[in-house]
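This report refers to the structure that appears directly beneath it.
The values are calculated or read from the model by the stated rules, or taken from the named source; none is laboratory data. Quick caveat, the model's predicted, so the values are computed rather than measured. Positions of Cβ are backbone-derived with ideal geometry, glycine not excepted, and every protein chain shown enters the neighbour counts. For the accessible areas, the whole protein counts, side chains as well, though only heavy atoms, and no ligand, DNA or RNA atoms are used. Shrake-Rupley method; radii C 1.70, N 1.55, O 1.52, S 1.80 Å.
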Amino acid sequence: MKYYTLTPEKMVFGGNCLGKINGKNVFIPYAIPGEKIEVEIVKSLNDYDLAKIHKIIEPSVHRVKPFCSLYEKCGGCNMQHIDTEFQRKLRAEMLKSCFEREGIDIQDIEIIYGNEKNYRSRIQLTDGGFNEKESNNIIELNNCPIATKQINDYLESVPQNIRPKGRVHFFGDDKIIESSTKNNSKFVIAEESKKIQFESSVKPKGTKNKIIKNKVKPRFSGTTFNENNNCVVKIKNHTIQFDVKGFFQSNLEVLEKTIDAILWNMCGNNVLDMYSGCGTFSVFLAELFNKTILVEHNRDALVHAEINLQGKKHDTYGQSGKKWVETNAEFILKKEGPFDAVVIDPPRSGMENEVCQWLCKNKTNQIRSISCNAATHARDAKKLIQSGYKLTKLFLLDFYPQTAHIESLAYFEYYD
């Protein structure tokens, strides 16, 4: 077996470290920039090689002992071998490099962070366990050090063989104030959703569904909804309801701090919450603006948004951002006037082209852009800057300590 000695230059998107062997790029997991290591090539491709560490010759001062016995075997964490402060620095550097590759000069990145352990409120189990890294094998476990106490209480008290089969979502946190799980108000186990036709006293904009009165709760017709997957949390003294099978942030401590950052110095008449989900941000925006417009293609999420925004002046549009731009945006501007601010939180693929073009054209004074993909965030930021916006602040949202996952928040401002 042939081994090579090298010093990784930097950590790249995804958490592997980049080094060179005979001038060729090589990517090494579980390495740390600056340390001297001996590696073995495990896969050779045309443009680069993949390697694994055989021996650490001169370890980094930032190398620590992983605190989880399943580390490197489980497919979750990949930065537990690095001390917490340096982890944050590396994630900030990866975020910065994505923007710099788009020609955007970044001076400072502010980091919003919380606890590095027992922070994760949401997990997925397959047949009661975790998936092994790069494998379909199931790992048995009775504790996950990054999961919340509520989740670990379940893992420790319920044997693997009687946990639900298949791929199942779990959500547990002390911020839960109402859940559907019997005998545990701080924990929810999702069930498979069933197609239920809900009558509605609130019509989602952009649809042809008839309005039908429902005296109990407003719902959207034709949504997939399961009361047993319902969860209500208290976030900054506001109650927010969501479906545990749908999207909701799994680090509630950092979510609260992120909301503060999004809302800073914002107020006005009209605000747009694009890709609003269940209305997490809109709940707070509605207190600062006279009218809140929500756009979300997932109408199941809008079922919850309508409940979360009851009593607040708002309109919801159950359609994609592209469709909203094509069919409703111009009408809303004529009726309500220009938006004073936009909060946008797109999927990993980034803003739809039509949405980004619309933002570039309409020149809203304030845009708060949240992203779970640094590469597409930087791509969209470049387009906004080229259209005349100024990037005034960039945050690393450190939702997932011990991993290389990066989320970010950018402030864009436009002045005539």
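Quick notes on this structure:
- 14 Å beta-carbon shell around Leu288, net charge (K/R +1, D/E -1): +1
- Here Lys52 is the anchor, and the aspartates and glutamates within straight C-alpha reach of less than 12 Å, apart from those fewer than 8 places off in the same chain, are Glu38, Glu40, Glu72.
- For the pair Gln107 and Gln310, a Förster radius of 45 Å applied to the C-beta separation gives a FRET efficiency near 0.60, rounded to the nearest 0.05.
- Placing unit charges on the Cβ atoms of the charged side chains and taking the dipole of the chain about its Cα centre, the candidate lying farthest along the positive direction among Ile112, Thr392, Pro164 is Pro164.
- Helix 252-263 and the longest principal axis of the Cα set of the chain meet at an angle near 60°.
- Here r is the Cβ-Cβ distance between Lys24 and Leu333 and R0 is 45 Å; the resulting FRET efficiency, rounded to 0.05, is 0.25.
- Residues of type aspartates and glutamates that Lys236 reaches as a straight line, Cα spacing below 18 Å, ignoring anything fewer than 8 places off in the same chain: Asp173, Asp174, Glu178, Glu253, Glu256, Asp260, Glu287
- Debye log10 I(q)/I(0) at q = 0.06, 0.10, 0.13 Å⁻¹ for the chain, Cα point scatterers: -0.28, -0.77, -1.21
- In this calculation the C-beta distance from Glu227 to Ile57 is compared with R0 = 56 Å, giving a FRET efficiency of 0.45.
- The value of relative contact order for the chain, using C-alpha pairs under 8 Å at least six residues apart, is 13 percent.
- Share of carbon and sulfur in the accessible area of the chain stands at 47%, probe radius 1.4 Å.
- Excluding the site residues themselves, the longest part of the chain lacking any chymotrypsin sites (Phe, Trp or Tyr not before Pro) in a DSSP loop with at most 11 other Cβ atoms within 10 Å is 1-263.
- Cα gyration tensor category, rounded, prolate or oblate, for region 33-107 with a/c compared to 1.5: oblate
- The residues of the chain have, on average, 47 Å² of accessible surface per residue, using a 1.4 Å probe with all protein chains present.
- Checking the cross-link pairs Lys291/Lys383; Lys335/Lys363; Lys73/Lys175; Lys334/Lys383 against a 20 Å limit on the alpha carbon distance flags Lys291/Lys383; Lys73/Lys175; Lys334/Lys383 as lying beyond it.
- Using alpha-carbon coordinates, inclination of helix 374-386 to the longest axis of the chain, degrees: 60 degrees
- Dividing the summed -39500 (n - 2.57) terms of all DSSP H runs of n ≥ 4 by the residue count of the chain sets its mean residue ellipticity at 222 nm at -6500 deg cm²/dmol.
- Contact order, relative form, for region 36-97: 24 percent (alpha carbon pairs under 8 Å, 6 or more residues apart, mean separation divided by residue count).
- Separation of alpha-carbon centers, region 1-57 and region 276-339, rounded to whole Å: 47 Å
- Proximal charge balance of Cys372 [Cβ under 9 Å; K/R count +1, D/E count -1]: -1
- Within the listed set Leu70, Leu252, Leu384, the Gaussian network model of the chain (springs between alpha-carbon atoms below 10 Å) gives the highest mean-square fluctuation for Leu70.
- The GNM of the chain, with springs linking C-alpha atoms under 10 angstrom apart, assigns the highest mean-square fluctuation among Gly34, Gly23, Gly103 to Gly23.
- Highest-fluctuation residue, Glu85, Glu306, Glu140 considered, GNM on the chain with Cα pairs under 10 Å: Glu85
- Dipole in debye (nearest 20) - the chain, about Cα centre, beta carbon charges: Lys, Arg +1; Asp, Glu -1: 1000 debye
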